[in-house]
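The values are calculated or read from the model by the stated rules, or taken from the named source; none is laboratory data. Everything numeric in this text was worked out from a predicted model, so none of it was measured. Positions of Cβ are generated from backbone atoms using ideal geometry, with glycine treated the same way; all protein chains shown enter the neighbour counts.
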Amino acid sequence: MSSSQLDDNFLLARKTQALSLRAVLIQNIRQFFIQHHFLEIETPLRIPSPAPEEHIEAISSGDWFLQTSPELCMKRLLAAGYPRIFQISKCFRAAERGSKHLPEFTMLEWYVAQFDYSQLMEQCEAMLITALKDMGHTQDIIRQNNKINLASPWERISVADAFSKYAPTGLQEALHQDRFDEILVEYIEPRLGIDRPTFIYDYPAKLAALAKIKKSDPNVAERFELYIGGLELANGFSELTDAREQRQRFEEALEAHAAKNWASYAMPEKFLATLEHLPPCAGIALGIDRLAMILANADKIDDVVAFTPETL
Amino acid sequence: MYTASDLKKGLRLKIDNEPYIITEFNFVKPGKGQALYRSKLKNMITGSQFERSFRSVDTFEPADLREKKMQYLYKEGDKYCFMDNESFEQIYLTEAQVGDSKNFLIDNIEAEILLFEDRPIGISLPNFVDLIVTEAEPWAKGDTVSGATKPVKVQTGYTIQVPTFVGEGEKIRIDTRTGDYLTRVKG
């Protein structure tokens, strides 16, 4: 055996524990959804038009694209009358590589008809508590020498409150200066989910993505994110069901892509056509690799996948 | 021209007409948010550091840096004079630019001079240099405790901890990266 082969084998063998944890995690998650009467579905990875989002770039595959998330197909199923569906699939995003990012990653996505984002936060919490308990974490989990208490209820803090509590700049000022993400990453994320997991909710309407605007406060969208140990794990929302508004947001995103010279994809017309039939519902996407990082107490996403692009 | 996606640890950039090296780097991105390229940069002339989050639209100029072998000639005031062995051109570095290397500069030693746009800004020495001990307390016979050290002065004026058995006039090998004693050298 050549020495580079030995190195390869050594690196893969070192991942045995993390890969086992990951496998059990996926089995437990699947079990939870089956027990709660969800239908597991598979939608195509290769699609003609991904959902246009300002800061997400799709990878092309021939004339089509690899999915950035299974969102559009799953919502078409919801619109056709499937009330509870989940999927664990690969998603692809261009130019995303770092200690917490892989251009190809594994996403768990699920939708519930007649749910709003608060109910979905509760369900997400219940699902993770069950899955983690089955893996021996009945009370807490250690991340970077810090004990995170998993007991319900988990922390909930609005985006505006998180800015006033943790950031030197208020939310409005940050938005005005186009520094929302910068301040979020630098001052807020490292403080989220430290003592217990944290849901941060009510994102500025401008950052709604495919979320519904809150009726009682049109400045915010019914969108949330889950953090554990400072790591962003999931994004969910009450789904926008207004096709006109959705089209307008897509158009703005496509314009932003054009300005950055990204590959242009067509408006997802079939999705928009079925959006009118979408029942009130909520959906969430959770990064399986990130969750495996929490379980394996890993600093790098590389540690919880067998292969990274660099090792192929 | 570099774009933000080219950034990585060790990359050398020109910012405000000065050379910087990236000493720490991380790609961060909230799922639905902007990609940010968090970098810690060190000014290669002044040594001052700063942190900044770059965005995917940012572009960067590479710093024009190269290394050239030159010979150390002499010190004049607080300037150190080196000579290019090919062109016989002489250049000067300040004490700050020479930094800790001054402890190991002996006449005629060959060093790599770092040039930024043809201006000398720094120096790197061979990993090991041999210097003569010029001042040392005599070895008290009977002091056989192994691992004990004493300070001695070498020909450049640098004071270094060495084993007690090293005497005046002896040649010792020093690691220029750490400034530590390695061994005695015969001859």
Set B:A111, B:A96: member being part of a helix (DSSP H, G or I) and either within 14 Å of chain A (Cβ to nearest Cβ) or hydrophobic (A, V, I, L, M, F, W, C) (or both): B:A96
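So if I check each of A:L240, A:L275, which one is within 19 Å of A:F115 (Cβ to Cβ) and out of contact with any Asp or Glu (no Cβ under 8 Å at 6 or more places or on another chain)?
Numbers: A:L275 fails: out of contact with any Asp or Glu (no Cβ under 8 Å at 6 or more places or on another chain).
Within the list A:L240, A:L275, the selection yields A:L240.
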Within the range A:172-181, the count of residues that are more than 19 Å from the chain's Cα centre (by Cα) and either away from chain B (no Cβ under 14 Å) or among the charged types (D, E, K, R) (or both) comes to 5
Determine whether A:D202 is away from chain B (no Cβ under 14 Å) and either buried (at least 17 other Cβ atoms within 10 Å of the Cβ) or at pLDDT below 95 (or both). yes
Does B:F25 meet the test of being away from chain A (no Cβ under 14 Å), aromatic (F, W, Y) and at negative phi? no
Any residue at all in the range A:114-134 that's closer than 30 Å to B:Q34 by Cβ, part of a helix (DSSP H, G or I) and touching a His at 6+ places or on another chain (Cβ under 9 Å)? yes
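Given the criterion crowded, with 21+ Cβ neighbours inside 10 Å and over 19 Å from the mean Cα position of the chain (by Cα), identify the matching residue among A:L312, A:L275, A:L291, A:L254. Give the derivation first.
Numbers: A:L312 fails: crowded, with 21+ Cβ neighbours inside 10 Å; A:L291 fails: over 19 Å from the mean Cα position of the chain (by Cα); A:L254 fails: crowded, with 21+ Cβ neighbours inside 10 Å.
Exactly one residue qualifies, and that residue is A:L275.
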Filter the range A:47-71 down to the residues that are of a type in the set (A, V, I, L, M) and either more than 14 Å from the chain's Cα centre (by Cα) or more than 19 Å from A:A208 (Cα to Cα) (or both) and list them by number. A:I47, A:A51, A:A58, A:I59, A:L66
Pull up the range B:40-55, narrow it to residues that are hydroxyl-bearing (S, T, Y) and under 22 Å from the mean Cα position of the chain (by Cα), then point me to the one that is farthest from the other protein chains (Cβ to nearest Cβ). B:T46
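Would you point out which residue out of A:I129, A:I142, A:I157 is of a type in the set (A, V, I, L, M, F, W, C), free of Cβ contacts under 8 Å to residues at least 24 places away in the same chain and away from every other protein chain (no Cβ under 14 Å)?
Within the list A:I129, A:I142, A:I157, the selection yields A:I129.
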Is it the case that the range A:101-111 has a residue that's in contact (Cβ under 8 Å) with a residue 24 or more places away in the chain, among the hydrophobic types (A, V, I, L, M, F, W, C) and more than 14 Å from chain B (Cβ to nearest Cβ)? yes
